[in-house]
């Protein structure tokens, strides 16, 4: 089963939970930020910086503060949908558009990232900080910068002479590295596969190839490289990479499903029968197997 990496400690879209060793700074800062008292939170961070200037979590806190002020609003003339705020013409009372979140100010996001990099310089083994930078790059819609951040992270780990990653509070990763890191990197690919654009697909492919390079025994890099070729309608090439994923993890029903679907597309009846038998062992795919059985009979 895949490890779904969820940044559950985030307060904003990519915010990291800070854990500073200072005398109560962390608790006071977190409470104030949750209450939206940014001015008071900034005062606490200023005190924190004087007392613990080399605490990497100080820079996590500063990063969070900047991001808390980075969200921008936009207006649109389209009708409001569920949960959106409509704008009414004061003269007619008719709805004329909506107001809503429009993303993040790229200048603020980059400022936050510059601050967070100072924390990374103090603690290059903090994977939570590196993932925070990668998520911030996603807010900027900057796949090139995100790829560079993640590539640097994996290159650092490969050259760290066995030094393990640290996570929040300087602790261990929430799960074994081979599971947690690969599952986390796969989550960064999801928006690219959902983009429906050639550029997005290529960004997903770059991350898949990064996984293959640094975690060659994991199935996830091969699976996602197969996704790239499936999305770009190159079935034979997709099939090859899904087979590689299957060699490394034969118990992934999503990959078996992909292999079955492509076998049907390629009119490979023998292979399709084998994958159908394997997929039938998974209750969640019962209805899909019924449909595949019909398609197989038509080959």
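Specify which of the listed residues (207, 264, 259, 276) is closer than 22 Å to residue 185 by Cα, assigned to a helix (DSSP H, G or I) and assigned by TED's automatic domain parsing to the domain that holds residue 142.
On the way: 264 fails: closer than 22 Å to residue 185 by Cα; 259 fails: closer than 22 Å to residue 185 by Cα; 276 fails: closer than 22 Å to residue 185 by Cα.
Of the residues listed, the single one that is closer than 22 Å to residue 185 by Cα, assigned to a helix (DSSP H, G or I) and assigned by TED's automatic domain parsing to the domain that holds residue 142 is 207.
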Inset, instruction - For residue 124, work out the one condition from (1) within 28 Å of the chain's Cα centre (by Cα); (2) in a loop (DSSP other than H, G, I, E, B); (3) modelled with pLDDT under 60 it doesn't fulfil. - result: (3)
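Kindly establish whether residue 223 is touching a helix residue (DSSP H, G or I) at 6+ places or on another chain (Cβ under 6 Å), closer than 15 Å to residue 179 by Cα, in a helix (DSSP H, G or I) and at pLDDT 95 or above.
Details: touching a helix residue (DSSP H, G or I) at 6+ places or on another chain (Cβ under 6 Å): yes; closer than 15 Å to residue 179 by Cα: yes; in a helix (DSSP H, G or I): yes; at pLDDT 95 or above: yes.
In short, yes.
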Inset, instruction - Please indicate, with yes or no, whether at least one residue in the range 64-74 is in a strand (DSSP E or B) and modelled with pLDDT of 70 or more. - result: yes
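The values are calculated or read from the model by the stated rules, or taken from the named source; none is laboratory data. It should be emphasised that the depicted structure is a prediction, and the values quoted were computed from it without experimental measurement. We place every Cβ from the backbone using ideal geometry, glycine too, and count neighbours over all the protein chains shown.
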